[in-house]
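One structure is given below, encoded as structure tokens.
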Amino acid sequence: MKNHFLCLSDWSASELDAIFTLTAELKEKQKQGIAHPLLAGKTLGMIFEKSSTRTRISFEVGMYQLGGHALFLSSQTTQIGRGEPIKDTARVMSRYVDGIMIRTYSQAGISELAEYSDVPVINALTDSYHPCQIMADLFTVLEHKGSYKDQVYCWIGDGNNMANSWINAAAVFGFELRIATPRGYEADAWIIERAQQRGAKLIFTNDPLEAAANADVLNTDVWASMGQEEEQAKREKDFVGFQLNSDVVAVANKDCLVLHCLPAHRGEEITDEVIEGEHSVVFDEAENRLHVQKAIMATLMAKG
């Protein structure tokens, strides 16, 4: 079993399946009001260099429900923001807490944090990956479809950290993934190459309708992610036609699911009609961040 949760590619399908099994168990216990203090007496340090709604709430509430405690640490109010080396932060925090969750920009930075940390490190988002979100997405598909492995997935929009993470997931689990991006906004080439070397079934196109045809799961994200706000006007022009709307849903399978990691810019990458429509499981998906992350924390932090 791995010591950190930095990228889906670090884990095997069987290991991630075990997390899904635990997720279902913990969700059912919460639903029935059964206490599950798997992390009683343990503390999670939560480092935020990027703002958050779902990530902070789900991790903080999750630690409480697991019987532990979470500390919110903003880079603006800690020595990280004043230039303390990551390796120093890692070694100090390891002596105080039982796990570290970080939401930041650099994947290299989180890798360094994990290298010098003596406690598990969880990637709660970087510019490269968002593995916890993908786990919540796939668990949502599992709940609604009975399986996530036999589905055809469609990604429409930016080749961002979510697209990269979906590519990793396709390599690990072996499902078909179709990605429709505007020219110049493709996912990272080396991530694609690595996934293809592992046998990932990837199809790339610049036509959203082609990608969505007979797909089981439709997914998108904002056109400009955090840190790209100055590109918003340009991206609005470049992403015309790359919207998850009723025309796209119409060419997918009749029982398709619509996902969005949120926050959504309604009327841009997704229409209000679709996010509120019968195919949308967006808010089940958001809820499942809580349950999946509890399982990830318990898997990593309950040892010892």
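Structure above, values below:
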item: Residue match in region 109-126 (condition: surrounded by 15 or more Cβ atoms within 10 Å (Cβ to Cβ), closer than 30 Å to Phe283 by Cβ and at pLDDT below 95); result: no
item: Any hit, region 144-153, residues being at pLDDT below 95 and basic (Lys, Arg); result: yes
item: Test: residue in region 74-90 that is under 24 Å from Met162 (Cα atoms) and outside the structural domain of Trp166 (by TED's automatic domain parsing); result: yes
item: Residue identified as under 24 Å from Lys42 (Cβ atoms), under 15 Å from the mean Cα position of the chain (by Cα) and in the same structural domain as Glu15 (by TED's automatic domain parsing) among Met101, Met93; result: Met101
item: Residue in region 203-223 that is out of contact with any Cys (no Cβ under 8 Å at 6 or more places or on another chain), of a type outside the set (A, V, I, L, M), within 26 Å of Ala295 (Cα to Cα) and outside any helix (DSSP H, G or I) present; result: yes
item: Residues of region 161-193 that turn out to be small (Gly, Ala, Ser), closer than 17 Å to Asn219 by Cβ and assigned to a loop (DSSP other than H, G, I, E, B), as a count; result: 1
item: Answer from Ser225, Ser246 - the residue that is surrounded by fewer than 20 Cβ atoms within 10 Å (Cβ to Cβ), without any contact (Cβ under 8 Å) to a residue 40 or more places away in the chain and either in contact with a helix residue (DSSP H, G or I) (Cβ under 9 Å, 6 or more places away or on another chain) or more than 22 Å from Lys149 (Cα to Cα) (or both); result: Ser246
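Conditions tested, residue by residue: (1) assigned to a loop (DSSP other than H, G, I, E, B); (2) at pLDDT 95 or above; (3) more than 26 Å from Trp166 (Cα to Cα); (4) among the aromatic types (Phe, Trp, Tyr).
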{"position": "Glu15", "(1), (2), (3), (4)": "no, yes, no, no"}
{"position": "Phe20", "(1), (2), (3), (4)": "no, yes, no, yes"}
{"position": "Gln30", "(1), (2), (3), (4)": "no, yes, yes, no"}
{"position": "Ser52", "(1), (2), (3), (4)": "yes, no, no, no"}
{"position": "Phe59", "(1), (2), (3), (4)": "no, yes, no, yes"}
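The values are calculated or read from the model by the stated rules, or taken from the named source; none is laboratory data. In this text, all values refer to a predicted model and were calculated from it rather than measured experimentally. Cβ coordinates were reconstructed from backbone atoms using ideal geometry, including for glycine residues, and neighbour counts include every protein chain displayed.
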